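Each remark here refers to the structure printed beneath this line.
The values are calculated or read from the model by the stated rules, or taken from the named source; none is laboratory data. It should be emphasised that the depicted structure is a prediction, and the values quoted were computed from it without experimental measurement. Positions of Cβ are backbone-derived with ideal geometry, glycine not excepted, and every protein chain shown enters the neighbour counts.
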Amino acid sequence: METLFFAIITLVAIVSAILVISCKNPINSALALVMTFFCLATYYVMLDAPFMAAIQVMVYAGAIMVLIVFTIMLLNIRVDATKKHSHKILLGSIIGFFTLINTVYILMKSHAAAPTGPFTGDMIKQIGHTELIGQEMFTKFLLPFEITSILLLVAIVGAVILAKKKL
Amino acid sequence: MSNLLSLTTFLPILGVLMLLFIPKDSKSVLRSVTFVVTVVTFIASLPVLIGFQNNADFQFVENVPWIAAGPFAMRYNIGIDGISLWLVILTTFIMPIAVLSTWTAVEEKVKEYMICLLLLETGMLGAFISLDLFLFYIFWEVMLIPMYFIIGIWGGKNKIYAAIKFFVYTMAGSVLMLVALIFLYFKGTAAGMTDFSLLHFYDLRLDPATQTWLFLAFAFSFAIKVPMFPLHTWLPDAHTEAPTAGSVILAAILLKMGTYGYVRFAMPLFPDAAHRFTPLIATLAVIGIIYAALVAMVQEDVKKLVAYSSVAHLGFVMLGLFAFNEQGITGGMLQMLNHGVSTGALFLIVGFIYERRHTRLITDFGGLSKQMPIFATIFMIVTLSSIGLPGTNGFVGEFMVLLGAFESEIRWYTVIATSGVILSAVYMLWMFQRVMFGELDNPKNQKLLDLNAREIGIMLPLIALIFIMGVYPNPFIEKMQPAINKLIAQTKTSSVTAQLPVDQVLPAGHPVVAPAPEQNPAAEQQNVPAEEATPAVINPHDAK
Amino acid sequence: MFDNVWLIPLFPLLGFLINGLLGKKIKNETVIGGIGAFAVLCSFAVSCMTILKLLSLPGEERLANVKVFTWMTCGNFNADIAFLIDPLSCVMIMIVTGVGFLIHIYSIGYMHGEEGFYRFFAYLNLFMFSMLLLVLGNNLLLMFVGWEGVGLCSYLLIGYYFHKKSAGDAGKKAFVMNRVGDFGFLLGAFTLYWFMGHNFNVWTIQFTELGKNAHLLPTGGVVTVITLCFFLGATGKSAQIPLYTWLPDAMEGPTPVSALIHAATMVTAGVYMIGRMNFLFIRSPETLMVIAVIGACTALFAATIGTAQNDIKRVLAYSTVSQLGYMFLAMGSGAFAAGIFHLMTHAFFKACLFLGSGAVIHSMHHALHHVHSHDDAQDMRNMGGLKSKMPLTFLTFLLATIAIAGIPGFSGFFSKDEILWQAFANPHHGQLNYLLWGMGAVAAGLTAFYMFRLVFMTFFGECRITPKAKDHLHESPMVIVIPLIVLAGLSVVGGYIGIPKLLGDLFGGIPNYFEHYLEPVFRLSEEYMAEHAAHGVAHHSVALEWGLMGTSVVIALIGIGIAFALYVVNTSIPAKFTATFPALHRAVYNKWYIDELYDYVFVNPCKALGRFLWKGFDVVVVDGVVNGVAKVVMSFGGIIRYMQSGFVYDYSWSMAFGVVVILGYYLFK
Amino acid sequence: MENLNSYLTVSAILFSIGTIGVLTRKNAIVIFMCIELMLNAVNLTFIALSRYLGNLDGQVFVFFVMTVAAAEAAVGLALMIAFYNNKESIDVEDVNMLKW
């Protein structure tokens, strides 16, 4: 049952990913990408990471994709009239294929060690994923977490400055 | 004060820090601060001069660990002896003059300009006092960059070309030197040395083949800086395009880096090779003297003429150094100082008229004596000093160089070089005549103002030095004498010791027929009492 | 004993400093001139004291080295600021300060109202200082300092009217030609120092030491090289063939300068130098022969040019060259004392002649200036009949002319005759002696001719300037005339201190005081020469000596006679002569085109070579290589840069490609 | 729970697809989206491994990646707007000033 579900989700994810790169209209690509994000969120749930699935949906599918779609609409970009691909798809596919082989080979070759950490599926279910993540984030990763705020601030300022008509 | 030298060297850096906090629009403040800093540096260098003992040792030595890399340590190892002493003093002495000289000429980017000048001063002082090869290399490169900017930003019409030419020429040389340094490092490690100290390298006995290569690398690098024929073409361009202060510093101090490099590094480190290449160097020096004089004669631009005269003067220096005797090297050293003073002064003079007329073409002038009598007098004195008239500094150096070279093996080169004194008179006086004498017929020249107080103030110390060094050079000679004697001893003993394995180094096919006759004339040539240096070599001639 | 000898050069130096630094502020000509002249007077006084002290010593002790301070020491090389007092240097300082003082006085009058009056006196004092250093210096280097110093002052004073291009050119020419000589001097000094030191371990440049050790030197060989080098120096300074051409041009300077520097003192430095180093020159018979031949040739050659010049000062200039030739003839004949003697008498009469010509020019200039004429005040063709206008000048000029012409009883006769006799009788040059004597005698005749030509053209006949201007001609002020009278007096009587033995015997054994006085300096050399005479000491009869003396006098008289015939009796002959032999006249008038030859052979090729080396070698070859390397690098970069298309996807492609390949390589290797 | 390798393989496939997109598309926004796709593929790997190893560090990393992606989206899109304002296009073919 779970395997079948996994297969379906995988199929949807890959198909929509292919759609992202093959649609003529960027809007369609964007919608396909949202689909992919949802699939990934589903994976996260299957991997006992509901919190990650939630922010995947909220941040990616919600915020970022909305931003992208807004931009597309704002710029009123037409469908590629002449040619949507800059280079030969074949060549790109070959490179992509080799990338795939490389990555898969790495995965096959590397034998992940037995579970080492303390967080088992039961434990997560018992305590709650969000709480665990929160504990990690505000203890062990406190400093990087705070630094991300600075990163976001810089990004905001940068975006504002860049998008201004006249500097 | 034990770290007087460091203080002198890094005072300009302190000045740079001060300048950073001064707004770039308050130009006069920037200039004054820079001037004060350079003057203070000069004053700080005086105790070094006074406290200097007349012996051959390095003095005011500071030696602290700096960078430890593997088995080797780069150390902050500085100190001066009689050879570098005067060059340090010359540097600190010239800098206030250089700053004053562009007081009004540089109006743009004053802050950056002054910072460049001060950085340059630190670089130059550092290079003169470094006793650690690595440290020397660092300072050597530090000098290069501010000068590049000074020419490239505040230069004349063709400044970019000149700046890049200067940079690339010098860089090509430095890179070779760096390679040689790294090679030396491996040689040193093999010999069990633990640092880059020059003094330790002096004791390192290299085999002749290695010496040859290393000497060539060092010599090439320094020859560019000197500059020696045929590597001199960057000089006229750089001089012509640089602002006055740049030209002055370039002529007075930067060129001395090359000759100083020979005295401090190339000759004592590789004495055997230095002796072997003496004919080559002497040939190039002599060609430089005659060639530069001939070319200077037909120049249309005053500054270029002076630049070419520099090449000729430095040819004399090289000739003196490679005489390998007391008079020659002393003369070479004196000539370095003299050239710093008188060619520096010449560039200042060219700067004065350029500031007034914005041209340097000889044909644009004529009859200025009438309009600018003070200028004419000063110009005349400096010209005569450059020609090497007795009573001025130029003569003492030139005479000693020629005398020393004549006593040594390069006698015949000297004969040709001596004819340079005729040519120098020709081109300098001809230029002087065309600029200063004749009818004052150009209306633009008829409104020229004579030198103002600042300009006279700049020139007076130089004029004073011209006469002091010409009439009473002994204090200068006395201080450098022990160091020069030590240098001569270094070049001699090593060459005799190094001669022993000459036969082994010869190419395999070389028939080793009679080693004895090969050694003896060679030992004789260097005028070494063979018994003293190597008791093993029995020289029948000396035994008599 | 001679402790205060350093004062002699010091006074003029002080004068130079005062006038040079403050002269512009002083403005008062009398004060400036007074300072200048007084400084020289002080030197003269000290010189007199010195020579008196010297004379009070016995002959062998007349030698002192007075050290002031050590100039430079380096290893075995040592040069002091030190002065040498001996009869030779004493006679020189007497001439220099004495004649110099008179000329200073004269200059006060002559330079009156000139722009840069202070400058003139400053230079003049500087010259006195350098000249005194030259003659007093006890070593080669100090002599060289003076040697170059006088060259500098000569340059400055010739170029005194610097706004005139010709003056600047002449000054430069003088300096450069002197430099050619200096080149020889330096090489000679180097070789001598090295040779003595290297072979005999005598590392010295001091004259006394060198003299003491001269016996170590071989005859000929290296010594010939050394002496020839020194002689090259002398030809530069003393305007001998081949370096004489600067001296006539040097007449661009003010006339007192010509009198002081280019007649009386500086140009004789070469003669003095040979005298000072006699111990060296006698050891090279070849050099002596070269000197004698060059001296005789110069004497004759310059005299021929002198006959055709119209500029009064140029005639005198060629005359100076010619007379210097005599001195070198004497030196080359080993008659050092005779050479120095002629040096002295020549200083008197030539200074007098120059100053007299200056007075004439001064007067002419004023007269022409009054009528706004642009005629050349120095051209003898504009003069004539000045006898009545300027009687005192005429008289002194005439006396000096008689002296230079070698009329018996006047100073020039004694010295010139001595030289000619020595040239004939010396034991060195064999058959060449007759030729040398002949050249000398002919030159003496020419000298008499052109000097009297000058006198006749200037002072006799009709005045050739406009009558209006003529009225403005008048005798010069006393400050100018008094030096003339003193010098004329010296030209007349100056010779009596050196009466040749022949005449001395005739008048009851009057000794040749001058030769006797110089004996300590030259005795060793004379003894050496007597020993090593190449052709054996010839014994000539008294009658022969009388005969030669008579011949030279007769030749001189013939010269005067011709001049009288051509320029007083029948003044049309010279023009006819010129018309008959135009080429010859043109050649002589243009100084045998020697200047043009030098331009063609040395100056222009040098400039062309310089231009070629600059534009051809520097710019094309060296910079060509440098820029060529830059171009190669740039063009290579130009090819490579097409890889940088600027399109982001190109970069991403290469990146992806790189990642795949590198990763693949590491994974599957 | 599904096999770790399946997740990783899916992630690799998604990553490769993203790569192909980046390489072949010329619309800057689509390229941008492809980059997001690649980032997500990596995120999946992180979370899968984190779960497998029982260590939450990977998940925190994903959190940071998302932050970076958000910042990137903000700045990147602003850049595109700025670019579009200048060139009236967001085709990467029109951007070739990045040379010499």
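Quick check on my filter: what residues within the range A:6-29 are farther than 16 Å from D:LEU37 by Cα and at pLDDT below 90? Passing the criteria: A:LYS24, A:ASN25. When B:ALA172, B:ALA73, B:ALA127, B:ALA98 are screened for being crowded, with 24+ Cβ neighbours inside 10 Å, of a type in the set (A, V, I, L, M), touching a residue at least 40 places away in the same chain (Cβ under 8 Å) and closer than 25 Å to B:GLN211 by Cβ, only B:ALA127 passes.
Would you confirm whether any residue within the range C:123-130 is part of a loop (DSSP other than H, G, I, E, B) and either within 14 Å of chain B (Cβ to nearest Cβ) or touching a residue at least 60 places away in the same chain (Cβ under 8 Å) (or both)? No, the range C:123-130 contains no residue that is part of a loop (DSSP other than H, G, I, E, B) and either within 14 Å of chain B (Cβ to nearest Cβ) or touching a residue at least 60 places away in the same chain (Cβ under 8 Å) (or both).
The lone criterion from (1) polar (S, T, N, Q); (2) in a helix (DSSP H, G or I); (3) surrounded by 15 or more Cβ atoms within 10 Å (Cβ to Cβ) left unmet by C:ASN4 is number (3). Of all the residues in the range A:122-151, those that are modelled with pLDDT of 85 or more, surrounded by fewer than 14 Cβ atoms within 10 Å (Cβ to Cβ) and not polar (S, T, N, Q) number 9. Among the conditions (1) touching a Gly at 6+ places or on another chain (Cβ under 9 Å); (2) assigned to a loop (DSSP other than H, G, I, E, B), the only one that C:THR227 does not satisfy is (2). Looking at C:ILE282, C:ILE305, C:ILE274, just one residue is over 21 Å from C:GLY98 (Cβ atoms), of a type in the set (Val, Ile, Thr) and within 15 Å of the chain's Cα centre (by Cα), and that residue is C:ILE274. Residues that are at the interface with another protein chain (Cβ under 8 Å from one of its Cβ atoms), in contact (Cβ under 8 Å) with a residue 24 or more places away in the chain and surrounded by 21 or more Cβ atoms within 10 Å (Cβ to Cβ) within the range C:160-175 comprise C:ALA167, C:GLY171, C:PHE175, listed in sequence order.
Examine the range C:174-193 for a residue that is among the hydroxyl-bearing types (Ser, Thr, Tyr) and under 24 Å from B:ARG411 (Cα atoms), and state whether such a residue exists.
To start, the set of residues in the range C:174-193 that are among the hydroxyl-bearing types (Ser, Thr, Tyr) comprises C:191, C:193.
Now drop any that are not under 24 Å from B:ARG411 (Cα atoms), which leaves C:191, C:193.
Checking the range C:174-193: at least one residue is among the hydroxyl-bearing types (Ser, Thr, Tyr) and under 24 Å from B:ARG411 (Cα atoms).
Checked against (1) within 14 Å of chain C (Cβ to nearest Cβ); (2) surrounded by fewer than 22 Cβ atoms within 10 Å (Cβ to Cβ); (3) within 23 Å of the chain's Cα centre (by Cα), B:ILE160 meets all criteria but (3).
Does C:CYS90 fit the bill of being more than 23 Å from C:MET344 (Cα to Cα), free of Cβ contacts under 8 Å to residues at least 60 places away in the same chain, of a type outside the set (Val, Ile, Thr) and crowded, with 21+ Cβ neighbours inside 10 Å? Answer is no for this residue.
Yes or no: B:PRO236 farther than 13 Å from B:ILE281 by Cβ and touching a Ser or Thr at 6+ places or on another chain (Cβ under 8 Å)? For B:PRO236, the condition - farther than 13 Å from B:ILE281 by Cβ and touching a Ser or Thr at 6+ places or on another chain (Cβ under 8 Å) - is not met.
Does C:PHE83 satisfy the condition of being modelled with pLDDT under 85, of a type outside the set (Val, Ile, Thr) and in contact with a strand residue (DSSP E or B) (Cβ under 6 Å, 6 or more places away or on another chain)? No. All of C:PRO582, C:PRO520, C:PRO574 fail the test of being over 20 Å from C:ALA425 (Cα atoms), exposed (fewer than 12 other Cβ atoms within 10 Å of the Cβ) and not basic (Lys, Arg), apart from C:PRO582.
In the condition set (1) away from chain C (no Cβ under 14 Å); (2) under 30 Å from B:VAL110 (Cβ atoms), B:ALA282 is compliant with all but (2).
Within the range C:230-240, is even one residue over 16 Å from the mean Cα position of the chain (by Cα), within 13 Å of chain B (Cβ to nearest Cβ) and crowded, with 24+ Cβ neighbours inside 10 Å? Within the range C:230-240 (the criterion being over 16 Å from the mean Cα position of the chain (by Cα), within 13 Å of chain B (Cβ to nearest Cβ) and crowded, with 24+ Cβ neighbours inside 10 Å), the answer is no, since none of the residues qualifies.
Filtering the range C:321-344 for residues that are among the aliphatic types (A, V, I, L, M), touching a Phe, Trp or Tyr at 6+ places or on another chain (Cβ under 7 Å) and farther than 19 Å from C:MET94 by Cβ leaves a non-empty set.
Of the residues C:LEU436, C:LEU506, C:LEU548, which single one is surrounded by fewer than 21 Cβ atoms within 10 Å (Cβ to Cβ) and closer than 22 Å to C:GLY334 by Cβ?
C:LEU548
Which is among the small types (Gly, Ala, Ser) and farther than 26 Å from A:ASN25 by Cα, of D:ALA41, D:ALA48?
Result of the check over D:ALA41, D:ALA48: D:ALA48.
Among the helices (runs of 4 or more DSSP H) confined to the range C:279-387, the ones with at least 2 residues that are in contact (Cβ under 8 Å) with a residue 60 or more places away in the chain and under 14 Å from C:ALA263 (Cα atoms) are located at C:312-332, C:336-370. Restricting attention to the range B:327-342, does a residue exist that is within 11 Å of chain C (Cβ to nearest Cβ), out of contact with any Gly (no Cβ under 9 Å at 6 or more places or on another chain) and under 29 Å from C:MET143 (Cα atoms)? No, the conditions are met nowhere in the range B:327-342.
Only one of the listed residues (B:MET372, B:MET336) is on the phi < 0 side of the Ramachandran plot, surrounded by fewer than 23 Cβ atoms within 10 Å (Cβ to Cβ) and among the hydrophobic types (A, V, I, L, M, F, W, C). That residue is B:MET372.
Filter the range B:209-234 down to residues that are outside any helix (DSSP H, G or I) and within 14 Å of chain C (Cβ to nearest Cβ) and give me whichever is farthest from B:ILE253 (Cα to Cα).
B:PRO230
Taking (1) modelled with pLDDT of 90 or more; (2) under 16 Å from A:ALA17 (Cα atoms); (3) not polar (S, T, N, Q) in turn, D:GLY21 satisfies each apart from (1).
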